[in-house]
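The values are calculated or read from the model by the stated rules, or taken from the named source; none is laboratory data. Everything numeric in this text was worked out from a predicted model, so none of it was measured. Every residue, glycine among them, receives a Cβ derived from its backbone with ideal geometry; neighbour counts consider all protein chains shown. Accessible surface is based on the protein model in full, side chains and every heavy atom, while ligands, DNA and RNA are left aside. Shrake-Rupley method; radii C 1.70, N 1.55, O 1.52, S 1.80 Å.
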Amino acid sequence: MCNLSLADDGLKENGAMEEVLLEGKNFRLVEESELPEIIEFLGNYLPDSIKFHQTLKTFINDRVWDFHFYVTKNWPEQAVILHFPGMTRTPNNKLYESFSVFCPCDQLENLELLQTEDVLVDWSQPIYLNFTHSKIMNKIEEFYNKIGTMEQLYGDVYGLVEPHLEETESNLVIAEQAALSQLKKQHAQMIHDLYPANHMECIEVFEKLIEKLPCFGVFSAQGDLAAWMVQSYYGAMFSMQTRPEYRRKGYGIILAKHLTKIVTERGYLPFVVIRPENDASKGLYTKLGFKKHFQTVRAILRPYEVTGESVGGGGGPQEMTNGGDCVKEMNGDVEVKEDQ
């Protein structure tokens, strides 16, 4: 079976070790030999399935993180797929405290199996859902409204449709004698510190991303890391950031062009998640041949009875983030570019 082990290191910060469940009420753990066939199946639902499709592909090819995939017990007739954890850091760092889900948008009635799943998912505790197609999230909201509240962050998924990458590295001019180079493990701490959602992703995952995936930085003439862009464990190019003192030098578009080219050459489908109000990033990626596919949502689900201090996923008491901090907490993978 796939990953029949204790929960990965990133989810053991509290010292607890969790057994990976072979099945839930309605879902079963996927055998690793099944993953290529599942990827092929999800390919029939692109671009809606792009995040889950590329997560599986990255998992098979690069094994950045120890995810555990579950499908319905009568897959693919009722096509709902989950992976736990949904992100690499949550308040209690419990394996089943967060998840991601995909279901074909013309088969949303099958999400009833998620609604009635009470082994893998503890609906009585706070749950963290990573970026999910808005139609799926709307369906979840229909039944979760009876249980609790949902704090949501919206993003637009832009995917590469027509490459416009005529400029190559040989004729890209980088301002002020800066240089483009692959990031190294020692850069992970700075990137994580400045990552807007470092509540939801641990530093270890950045170290592994840098080790295994295309992760590039622009370095000043003095050797300082000025800007960077990282390919995510779910295939998306994310966490493009420029340090304030190096903005307005064009480093962002250089990184976007370079990483788009590299990711495409490696057989991935480049896509980014952009805040709806971020016209600058939309314009940049449109120039590179990206097109908006759909809206996605990241959410924190909190039961009505959980207030103040609460427990999540079976762990000990943790102070939950209040509603006013939600956007800051969930903002990580969304493009918030301030430099082109």
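Pairs are defined by a Cβ separation below 6 Å, a sequence spacing of at least 6 or placement on different chains, a first member in segment 184-204 that is open to solvent by less than 40 Å² (accessible area, probe 1.4 Å), and a second member that is in a helix (DSSP H, G or I) and among the charged types (D, E, K, R); the pairs so defined are Ala188/Glu207. Filtered by the rule that a residue be outside any loop (DSSP other than H, G, I, E, B), at pLDDT 95 or above, closer than 17 Å to Arg302 by Cα and of a type outside the set (Asp, Glu), segment 74-131 gives Tyr96, Ser98, Phe99, Ser100, Leu114, Gln115, Ile127, Tyr128, Leu129.
Taken over segment 86-113, residues that are under 20 Å from the mean Cα position of the chain (by Cα) and of a type outside the set (Lys, Arg) amount to 18.
Within segment 222-267, restricting attention to residues that are polar (S, T, N, Q) and more than 17 Å from Ile191 (Cβ to Cβ), the residue that is surrounded by the most Cβ atoms within 10 Å (Cβ to Cβ) is Thr260.
Taking Gln189 as meeting all but one of (1) over 30 Å from Asp48 (Cα atoms); (2) under 20 Å from the mean Cα position of the chain (by Cα); (3) modelled with pLDDT under 90, write down the number of the exception. With (1) over 30 Å from Asp48 (Cα atoms); (2) under 20 Å from the mean Cα position of the chain (by Cα); (3) modelled with pLDDT under 90 applied to Gln189, the lone miss is (3). Check whether at least one residue in segment 36-51 is open to solvent by 30 Å² or more (accessible area, probe 1.4 Å) and of a type in the set (Lys, Arg), and report yes or no. Checked against the condition, which is being open to solvent by 30 Å² or more (accessible area, probe 1.4 Å) and of a type in the set (Lys, Arg), segment 36-51 yields no hits at all. When segment 124-150 is filtered for residues that are open to solvent by 40 Å² or more (accessible area, probe 1.4 Å) and in contact (Cβ under 8 Å) with a residue 24 or more places away in the chain, the ones remaining, listed by number, are Ser124, Lys135, Lys139, Ile147, Thr149. If you go through segment 63-89 and keep only what is open to solvent by 10 Å² or more (accessible area, probe 1.4 Å) and among the polar types (S, T, N, Q), you end up with Asn74, Gln78. For segment 220-266, the set of residues classified as charged (D, E, K, R) and more than 20 Å from Lys208 (Cα to Cα) consists of Asp224, Arg243, Glu245, Arg247, Arg248, Lys249, Lys257, Lys261, Glu265, listed by residue number. Exactly one condition in (1) farther than 18 Å from Tyr233 by Cβ; (2) open to solvent by 60 Å² or more (accessible area, probe 1.4 Å) is not met by Ile60; state its number. Ile60 satisfies all of (1) farther than 18 Å from Tyr233 by Cβ; (2) open to solvent by 60 Å² or more (accessible area, probe 1.4 Å) except (1).
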